[in-house]
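The values are calculated or read from the model by the stated rules, or taken from the named source; none is laboratory data. Given the structure is predicted, the values throughout are model-derived calculations rather than measurements. Glycine also receives a Cβ, built like all others from the backbone with ideal geometry; neighbour counts cover every protein chain displayed.
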Amino acid sequence: MRNKVEMENGYLLQKYSKYAEERYKYKGNPKVSFPITFEDVPSGTKSFAITLIDYDAVGVCGFPWIHWGACDIPGDTKELPENISMNNILNIVQGRNSFSSDFVGETDPKIIYGYVGPTPPDKDHKYILDIYALDCSSLDLETGFSLNELYDKIENHILEKNSIVLKAKS
């Protein structure tokens, strides 16, 4: 499986991260999710799941920062469109991100569910986008699922996994 995300010199486009224009933000946070292409998908793929995690955040906040978790992306998807997290035209199911942590205390559903783009506070960070091709069409998860719930549900359903490193400027 091959996946692509448009980058500039290895960096996620500014539109999707810290230096996004205000019109692409919600409450000061980048909320427009980036498009992802799906090519050479394994036979039998019925859906996809994705995660976007910042492991460089451990030095800042003490834990990896979850920026996005989504599942039930139809297996015939060629491109996950820009801003799918907000407009959700494919009816994907999205989980909680790290803004929902008790350490952060955010409660606004428009912030704690779905995509919130990178905003590295201390230095440029690397973000790991994991894309899973799955042999089932639904994971029977509901909006607001946890990362661990996603991992439990995809176990024994992964046909292939692909990872992309996305960098974002501090």
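For the structure I just gave you, tell me whether Val32 is in contact with a Lys or Arg (Cβ under 8 Å, 6 or more places away or on another chain), at pLDDT 95 or above and in a loop (DSSP other than H, G, I, E, B). Explain how you work it out, then say what you get.
Numbers: in contact with a Lys or Arg (Cβ under 8 Å, 6 or more places away or on another chain): yes; at pLDDT 95 or above: yes; in a loop (DSSP other than H, G, I, E, B): yes.
So Val32 passes the test.
If you go through the range 21-57, how many residues are of a type in the set (Gly, Ala, Ser) and buried (at least 20 other Cβ atoms within 10 Å of the Cβ)?
Count: 4.
Filter the range 69-89 for residues that are on the phi > 0 side of the Ramachandran plot and in a strand (DSSP E or B) and give the result.
Asp72
Out of the range 69-78, which residues are out of contact with any helix residue (DSSP H, G or I) (no Cβ under 7 Å at 6 or more places or on another chain) and under 23 Å from Asp54 (Cα atoms)?
Across the range 69-78, the qualifying residues are Ala70, Asp72, Ile73.
Looking at Asn97, is it at pLDDT 95 or above and loosely packed, with under 14 Cβ neighbours inside 10 Å?
When the stated conditions are applied, Asn97 does not pass them.
In the range 115-152, which residue that is under 23 Å from Lys27 (Cα atoms) and of a type in the set (A, V, I, L, M, F, W, C) is surrounded by the fewest Cβ atoms within 10 Å (Cβ to Cβ)?
Looking at the filtered set, the residue picked out is Phe145.
Just wondering, is there one or more residues in the range 21-31 that are in contact (Cβ under 8 Å) with a residue 24 or more places away in the chain, of a type in the set (Lys, Arg) and touching a helix residue (DSSP H, G or I) at 6+ places or on another chain (Cβ under 9 Å)? Spell out the reasoning first.
Looking only at the range 21-31, we keep the residues that are in contact (Cβ under 8 Å) with a residue 24 or more places away in the chain, and these are 26-27, 29-31.
Add one more test, that the residue is of a type in the set (Lys, Arg), and what stays is 27, 31.
Checking which are touching a helix residue (DSSP H, G or I) at 6+ places or on another chain (Cβ under 9 Å) leaves us with 27, 31.
Checking the range 21-31: at least one residue is in contact (Cβ under 8 Å) with a residue 24 or more places away in the chain, of a type in the set (Lys, Arg) and touching a helix residue (DSSP H, G or I) at 6+ places or on another chain (Cβ under 9 Å).
Residues to consider are Glu39, Glu6, Glu22; find the one that is under 18 Å from Lys110 (Cβ atoms) and at pLDDT 95 or above.
That would be Glu22, the only listed residue that is under 18 Å from Lys110 (Cβ atoms) and at pLDDT 95 or above.
Considering the range 89-109 alone, what residues qualify as being within 13 Å of the chain's Cα centre (by Cα) and among the polar types (S, T, N, Q)?
Gln94, Asn97, Ser98
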